[in-house]
Amino acid sequence: MSETTGEHQLNYEPVLTVTNLTKHYQVGSRFSGGIKQVQALRGVSFVLEKRKTLAIVGESGCGKSTLAKALMSLETPTSGSFDLGSLVKNQGKLSTRDRLAAQRRYIQMIFQDPYSSLNPRKKAWQIIAEPIIINNDKNLTKPEIKKLAIELMGKVGLRSEFAERYPHMFSGGQRQRIGIARALGLHPQILICDEPVSALDVSIQSQVLNLLIELQESLNLSLIFISHDLGVVRFIADEVIVMYLGRVVEKAPVKTLFENPSHPYTQALLASAPKLGILKPKTPDANISSAVIQEHPHGAPQTTISSILGELPSPFVILPGCSFAPRCPRATALCSSAQPELITITGPTPNVHTHEVACHHTNG
Amino acid sequence: MNNVNPKPAATTPQQPLLTIEDLSLSFETSQKGVVLEALQKVALVVNASQTVCIVGESGCGKSLTSLAIMGLTPTNALKPTGTVWFQTKDNKRVELLSLPERELRKLRGREIAMIFQDPMTSLNPAFTVEFQLCEAIQTHSNVKLSKTQLREKAIAALDAVGIPAPADRLKAYPFQLSGGMSQRVMIAIALAGDPKILIADEPTTALDVTIQAQILTLLKNLQTSRKMGLILITHDLGVVAEMADFVNVMYAGQIVESGSAADVLHNPRHPYTQALLNSLPALQMTKTNERRLESIPGVVPHLAARPSGCQFHPRCLYKTTVCVAGHPALKAISNDHAARCFKTEGKL
């Protein structure tokens, strides 16, 4: 997962460049206490590279799903832009409909809930075929499309005899596979995975994660992986963005982030995650058990759950300073008056595999 | 505390609070004569000040076990069989499954209380925190309390679960509370009757990780100060590692492995427990070259189509003909560590 710097620059091939993306929502009405503004995204920038996985981590309300929706053009950003680079050509000259159609061929999305994201009245193959039917520029006939859909089912590990089944006849893991097959139908370059395994059982979770990695390797996919599960992120990601109240507070290659988290919020997240490694392993049965229990680098030595105080503040009231200041153990007067910008701590070239932190007290 | 043969010895100074033996629960189906066995001979013991975790995937029967203890099984379920012995506050031993509903009602909340996964839907959206909390306090009080007394107790109860500015929060409606706050209110309501056992069914699954840490710490502190028994139902092995004294791993309605947290998590003996631990990404990170997770093939069997023999054998790496034919028993490995597997029994 971590390569040397030289290799990185050699292979540097951005497929998506997001610049200063901002999304504000108007909520409420004049009759229910006035219109309020939620700043769901406050200037998010990053670069996604070909064949890499960028994970977006944060608690509910931090804007990670809004970001996914904005990238899918399901929401119009208030300001800022994202650039699909060479993937979508002549973007400006197309009508909205054609531009969206072109965009959909390059970015597809897998949703969190495999139960509500599939149409219960359609058969598995029809669900998978839907994007192909909508984007049918090769004028494929119905049997040809069905054949494609069944091929896709094979790709994600579903047997072809399942094609005529309805969603309720599948388990959660199988449904998520249908969702993945549907997303792959248009040969996208980028797959946005919004909490793709959080609704699944642990034993099924690993099957789906393995499938995503296999597909990424065989189809040269770039993944945006939204998750709150740090174990999953550590396993799948190349680079990680930590978000808090619509802002990126830390961005780093996965190894750096887990071994040297620099923002107090990242540190708190890592400390709060329940860890298996806190109990020392006894000698396992070598024949059966290959469980390697690792001492977590940030793990407390005993069963103590470290927790940070307080909760996510109201997104309606944006404080002038650092959003995390009210919960931060290191906060000073500076933190509540001035907003810290993302500053590169380490890294070879700007924007590529750098470790960036938005904190006034990074070295404190 | 022997989980394999949980006959409490009469001479021991501390009797277990709760002793479940051979608890089985079936569901009737629309087909006549066909019943689905959701729980098969579940046995577990809970002592005072002890956290007992029930861990397993969805549909394994972990929630049903707790509902059976509370006498809250779904209406389409047949009457559970087996015994659930409970030691009440006035040191009477009662068998919960044969207790009439009227008696059971007196125990709920006062002796055994429960909190659920989704705090938002567990609270009534139409009433304030004060109304719901005071209702619970009055229900469990032997005397009629005045409005000011109730209010004082409610404020103290909210304070005890770490809610800032409790007097102001009393006026709030559930929608005005965050997920973490709602779960704290639920805990305050559950503890209003000062129960000896608290059953927490996935109490933090709906919460963010920093809030989860806060709630788990709160539960742990409350348990220690009140010497409560805590039955924690979860699918998250990380939570088990942080919280559990004793762990029961369930699969397809059976306990397949039980033991201390250290034994089960670091010396797992049942292939299912081992596979579950191995499929966790957090553990796999040591294998940097191999970018694949170990996974358990297949899915949990449907209750209507239970496999023969060992329930796990269709997904097991070590299965033999013995596993297909015979039903393994939960056999002790060491004093309180037991597994339901022919391999650990040495029959393979």
>> Using a Cα-Cα cut-off of under 21 Å, which lysines could be cross-linked to A:K122, ignoring same-chain neighbours fewer than 8 residues away?
In response: A:K142, A:K146, A:K147, A:K155
> Among the aspartates and glutamates, which have Cα under 19 Å from the Cα of B:K196 when same-chain residues fewer than 8 positions away are ignored?
Replying inline: B:D90, B:E95, B:E103, B:E111, B:D245
> Using a cut-off of 17 Å between alpha-carbon atoms, which lysines can reach B:K319, once sequence neighbours fewer than 8 places away in the same chain are excluded?
Replying inline: B:K343, B:K347
> Under the rule of -39500 (n - 2.57) per DSSP H run of 4 or more residues, summed and divided by the residues of chain B, what mean residue ellipticity at 222 nm is obtained, to the nearest 500 deg cm²/dmol?
Replying inline: -8500 deg cm²/dmol
>> Need the C-alpha centroid separation for the stretch B:130-147 versus the stretch A:188-202, integer Å.
In response: 46
> Which whole-angstrom value gives the distance between the alpha carbon centres of the stretch B:299-319 and the stretch A:123-186?
Replying inline: 29
>> Could you work out how much longer the chain between B:D159 and B:T320 gets when fully extended? Use 0.36 nm per residue separation minus the Cα distance between them, nm to one decimal.
In response: 52.3 nm
>> Quick check: residue separation of B:Y173 and B:E345 times 0.36 nm, minus the Cα distance between them. What number comes out in nm?
In response: 56.4 nm
>> Checking the a/c ratio against 1.5 first, then a/b against b/c, what shape does the Cα gyration tensor give for the stretch B:105-194?
In response: oblate
> Any idea how many Lys pairs in the stretch B:44-177 come in under 23 angstrom at the alpha carbon, given 8 or more places apart or on separate chains?
Replying inline: 12
>> How charged is the neighbourhood of B:T81? Take every other residue with its Cβ under 15 Å from the Cβ of B:T81, and add Lys/Arg as +1 and Asp/Glu as -1.
In response: -3
>> What's the magnitude of the charge dipole for the protein assembly as shown around its Cα centre, counting Lys and Arg as +1 and Asp and Glu as -1 at the beta-carbon? Answer in Debye, nearest 20.
In response: 1240
> What residue among A:P167, B:H270, A:I343 has its Cα farthest toward the positive end of the dipole of the protein assembly as shown, where the charges are +1 on Lys, Arg and -1 on Asp, Glu, each on the Cβ?
Replying inline: A:P167
>> Quick check on the stretch B:6-133: take the gyration tensor over C-alpha atoms, sort the square-rooted eigenvalues as a ≥ b ≥ c, and tell me if it's rounded (a/c under 1.5), prolate or oblate.
In response: oblate
>> Which of rounded, prolate or oblate describes the stretch A:198-255 when judged by the alpha-carbon gyration tensor and an a/c cut-off of 1.5?
In response: oblate
> What's the FRET efficiency of B:E21 with A:I133 using the Cβ-Cβ distance as r and R₀ = 56 Å, to the nearest 0.05?
Replying inline: 0.45
> What do you get when you divide the Cα radius of gyration of chain B by 2.2 N^0.38 Å, with N the number of residues?
Replying inline: 1.04
> So what's the gap between the Cα centers of the stretch A:219-275 and the stretch B:211-247, to the nearest angstrom?
Replying inline: 26
> Nearest-5 percent of antiparallel DSSP beta bridges in the protein assembly as shown?
Replying inline: 60
>> For a quick check of your reading of the filter: which trypsin sites (Lys or Arg not before Pro) in the stretch A:124-232 sit in a DSSP loop and have no more than 13 other Cβ atoms within 10 Å?
In response: A:K138, A:R159
> Taking R0 as 41 Å, what's the FRET efficiency between B:D90 and B:R306 from their Cβ-Cβ distance, rounded to 0.05?
Replying inline: 0.45
> In square nanometres, what is the average projected area of the Cα convex hull of the protein assembly as shown?
Replying inline: 35.3
> For labels at B:E28 and A:T141 in the simple 7 Å Cα→Cβ model, what's the distance in nm?
Replying inline: 5.4
>> So the label point goes 7 Å from the Cα of A:H168 along Cα→C-beta, right? Which residues of the stretch B:35-62 then have their backbone N under 20 Å from it?
In response: B:36, B:59
> Quick one: length gained pulling A:S160 to A:Q26 fully straight, 0.36 nm per residue minus the C-alpha distance?
Replying inline: 43.6 nm
> Just for chain B, what percent of DSSP beta bridges are antiparallel, to the closest 5?
Replying inline: 60
> FRET efficiency for B:S334 and B:Q14, Cβ-Cβ distance as r, R0 = 22 Å, nearest 0.05?
Replying inline: 0.55
>> What is the sum of charges, Lys and Arg at +1 and Asp and Glu at -1, for the other residues whose Cβ falls under 11 Å from the Cβ of B:T128?
In response: 0
> For the stretch A:90-166, which chymotrypsin sites (Phe, Trp or Tyr not before Pro) are both in a DSSP coil and crowded by at most 11 other Cβ atoms within 10 Å?
Replying inline: none
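Read the figures in this text as sums done on the coordinates, not as results from a lab. Note that the structure is a prediction, hence the values are computed from the model and not measured. FYI the Cβ positions are ideal-geometry reconstructions off the backbone, even for glycines, and counts take in every protein chain you see.
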